[in-house]
Structures are given as C-alpha cells and as structure tokens.
1. Where nothing but the Cβ of Lys and Arg (+1) and of Asp and Glu (-1) is charged, how large is the charge dipole of the chain around its Cα centre, in debye to the nearest 20?
2. Got a sec to turn the phi values of segment 67-72 into Karplus ³J(HN,Hα) couplings, 6.51 cos²θ - 1.76 cosθ + 1.60 with θ = phi - 60°, whole Hz, x for Gly and Pro?
3. So how far, in whole Å, is the C-alpha centre of segment 94-123 from the one of segment 1-74?
4. On a full-extension model of 0.36 nm per residue, what is the gain between GLU45 and GLU9, subtracting their alpha-carbon distance, rounded to one decimal in nm?
5. Can you list residues from other chains, or at least 5 along the same chain, whose modelled amide H is less than 5 Å from the amide H of PHE131?
6. Can you work out the FRET efficiency for the pair GLU29 and SER80, with r the C-beta to C-beta distance and R0 = 25 Å, to the nearest 0.05?
7. Which whole-Hz ³J(HN,Hα) couplings does segment 88-102 yield from phi under the Karplus relation 6.51 cos²θ - 1.76 cosθ + 1.60, θ = phi - 60°, glycine and proline marked x?
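Values quoted throughout were computed directly from the atomic coordinates according to the rules given, and no laboratory measurement underlies them. In this text the structure is predicted, and so the values were computed from the model without any measurement. Positions of Cβ are generated from backbone atoms using ideal geometry, with glycine treated the same way; all protein chains shown enter the neighbour counts.
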Amino acid sequence: MGEAVEKVERTEAEWRAALTPEQYHVLREKGTERAFTGILTENHETGDYQCAGCGAVLFMSGAKFDSGCGWPSFMLPADSKAVVEHEDRSFGMRRIEVTCARCGGHLGHVFPDGPRPTGLRYCINSASLTFERAE
C-alpha cells in the first residue's frame, strides 16, 4: 500500500541535547508557545516547513495562510503521511492534536475552521518547525 514512515527515535537526553529548551518543551512535552511570539508566524517566503526534531518536511509555503490566531496556520500537510492526528482531551477540551509522523513530536492542533478548499486550519507552533527557503 505505501511505504511506512521511517521512525526517528532518541533518548530523552539525546532530545534535550538536539533541541533548544523551547523546542524541547513544545515537541517533547506537548507545550505551546505564546501566541504571536513565534518566528515563523509572519514568514511569507516560499519554501518548506520541516520538523525541528527530525527534519521531515511537514508543510509547504503554498498551504500557509494568515488566520490571525497567532501561530503559523496551514490548510494541509505537505503529504498525508507527514503528520498524525490524535484526539486530545487535555485542559477539559476536545481537540485534534497533530504530531510528526517520523519522530512523534507535538506540532499543534488542527481545527475545522480553515479556508476552502480543505476547511482545515493546522495551527502549528513555530518552535516545532524550521524553514528552508526555496532556491
């Protein structure tokens, strides 16, 4: 049916050594950066958004839009196998958490209030991403 995603696994010590404290908090502890503070929120350059934990391409600039929510927002992932969605019932809410399919890092959440054609808003922490500008 399709190729399985090659998993990236590290010990907690290896994750702490590879990531900044903010990246570690978001990716490994399911944290959230404060709204409107992320470096990629206002990025409008053309390129790929990759997982800060493992480098997997997660989103493309063509799917990014300004939702006004304070975090980078995308209509869809770069590939259907790039992210995994999980039910999240933390903090007394029912949301859909989005994680990197390759390393399991927490990225953010997806909401059904995005623009057409998908109607989705992948609300993603800047700290969970790196950006590679297209040549």
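1. Details: 15 positive and 20 negative charges, 71 e Å.
Here the chain has a charge dipole of around 340 debye.
2. For segment 67-72, the Karplus-derived couplings read 8, x, 7, x, 10, x Hz, x marking Gly and Pro.
3. 12
4. 9.9 nm
5. GLN50
6. Numbers: r = 27 Å, r/R0 = 1.06.
Calculated transfer efficiency: 0.40.
7. Here the 3J(HN,Hα) series is 10, 10, 6, 6, x, 10, 10, 10, 10, 7, 10, 10, 6, 5, 7 Hz.
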